[in-house]
1. Regarding F356, is this residue touching a residue at least 24 places away in the same chain (Cβ under 8 Å), aromatic (F, W, Y) and closer than 15 Å to R322 by Cβ?
2. Which members of the range 115-137 meet the condition of being within 12 Å of the ligand (Cβ to nearest atom) and either in contact (Cβ under 8 Å) with a residue 60 or more places away in the chain or surrounded by fewer than 20 Cβ atoms within 10 Å (Cβ to Cβ) (or both)?
3. Please determine, by comparing only the residues of the range 200-246 that are more than 10 Å from the ligand (Cβ to nearest atom) and hydroxyl-bearing (S, T, Y), which one is nearest to D111 (Cα to Cα).
4. Of L86, L67, L162, which residue is of a type in the set (A, V, I, L, M, F, W, C) and touching a residue at least 12 places away in the same chain (Cβ under 8 Å)?
5. Take the residues of the range 293-326 that are part of a loop (DSSP other than H, G, I, E, B) and β-branched (V, I, T): which is surrounded by the most Cβ atoms within 10 Å (Cβ to Cβ)?
6. Just give me the residues in the range 247-270 being within 13 Å of the ligand (Cβ to nearest atom) and surrounded by fewer than 19 Cβ atoms within 10 Å (Cβ to Cβ), in sequence order.
7. Checking S275 against (1) within 16 Å of the ligand (Cβ to nearest atom); (2) within 16 Å of A97 (Cα to Cα), only one condition comes out false. Which one?
8. Is it true that some residue in the range 103-114 is out of contact with any Ser or Thr (no Cβ under 9 Å at 6 or more places or on another chain), of a type in the set (A, V, I, L, M), within 16 Å of the ligand (Cβ to nearest atom) and not in a helix (DSSP H, G or I)?
Amino acid sequence: MTTTATHLSSFAHRMDPLEVSTVREILKVTEMPEVISFAGGLPAPELFPTTELAQAFYHVIREEGRLALQYSTTEGYTPLRDYIALRLQTKGIRASANNILMLSGSQQGLDLAAKVLLNPGDKVIVARPTYLAAIQTFMLFEAQLITVASDDEGMDVEEVALKLRAHPDIKLIYLVANFDNPSGTTLSLERRERLVHLAQQYGVCILEDDPYGELRYRGEHLPPLKSLDESGLVLYLSTFSKTIAPGLRLGWLVAEKEIYQKLVIAKQASDLHTSTLTQRATYYYLTTHSTDEHIARLRAIYGERCSVMLESLARYFPATVRWTKPEGGMFLWAELAPQVRTEEILAEAIKEKIAFVPGAPFFANDKRHNFMRLNFSNQVPLQIEEGIKRLARVIARHHS
Ligand code: PMP
């Protein structure tokens, strides 16, 4: 039998900087039923349309089984791509099925975009903080991550301008403009326009990751960066994970012709195509039910959970803690006193049967340890209030 050491020495260098994801490790703890978890990015499972999806899968296998169970094209199921194109047009994105690549989850879009665009050492701008699994993807392609600050209006675009001026070899800007993971913040309209303008000025691609855009609870929808883009430099990513169910593993990418063709080649080499059965069943579900009604229901329920968390934080958390006030999505982001380490708070919180994600892994570099990400979509209001009350006690004890 080979030893572990022999195995380790044979791993590719690209694996060197990556550690086991703390979030995935925490999720193991939160699977215990008695824990009130604000940790995962999980949608509420009671809102999955299980009966409707059961009917859809049954229908598709029975009526279209020979096609639905067969290999298919890499680009994806055309009627589903047409359906998505129509919905995107209502958001101002001028897309047709020819621009839409179906993905096995939008996470695959991060991987494919990085594969197609980045050589080792290429520079990518991300926010401080940003989506943990985007950091991991860019690191796997040995990119150099350049971070810019973010505040209540999202990524600081003037710092982006400074970084673009200082590093002419920046290749890509990655961001979650709506209800960011982890911060919950939304990029203002002014900043959207400025960022698209900067991308054009410097010839840099933007990867606009938008899994949460449909889940707005307050305020007005803002135009996607992709809808403001005349140059074809914006790649737009979204998913059915938050509006139907993440277990479908079904997302999509919108790109212009030249890069689209490269992405198709990369996807072909990666997994040939996304599940034909899932694409057809999802299309059947979408066209036999009102998506808008389903999403309106999600908005009402998650919106209430978001409000309950904000009210509970205001009532129970120590005055020294600051937090963001999301208008949608699934997360908010709390900043504790600078000397506090949320990893230590988590260890104590777990004893009280509370979980959250410490903020450090969401910083690509210069990790800061006094932040926590709190998810509000996966707990009912009573549990949210109880969980925040208990977490507040742990924080107060820790402070004293
Ligand atoms: N991007 C962001 C910002 C996310 O939060 C997530 C899900 N956690 C994803 C991408 C991946 O989503 P999926 O692969 O399920 O579509």
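Nothing in this text is a laboratory measurement; each read-out follows from the coordinates by a stated rule. Computed from a predicted model, the values in this text were never measured in an experiment. For neighbour counting, all protein chains shown are included, and Cβ atoms are generated from backbone atoms with ideal geometry for every residue, glycine included.
1. Answer is no for this residue.
2. Once the filter is applied, which keeps residues that are within 12 Å of the ligand (Cβ to nearest atom) and either in contact (Cβ under 8 Å) with a residue 60 or more places away in the chain or surrounded by fewer than 20 Cβ atoms within 10 Å (Cβ to Cβ) (or both), the range 115-137 yields V126, P129, T130, Y131, L132, A133, A134, I135, Q136.
3. Checking each candidate, the answer is Y236.
4. After applying the criteria, what remains is L67.
5. Once the filter is applied, the top-ranked residue is T324.
6. Across the range 247-270, the qualifying residues are G247, R249.
7. (2)
8. Among the residues of the range 103-114, not one is out of contact with any Ser or Thr (no Cβ under 9 Å at 6 or more places or on another chain), of a type in the set (A, V, I, L, M), within 16 Å of the ligand (Cβ to nearest atom) and not in a helix (DSSP H, G or I), which makes the answer no.
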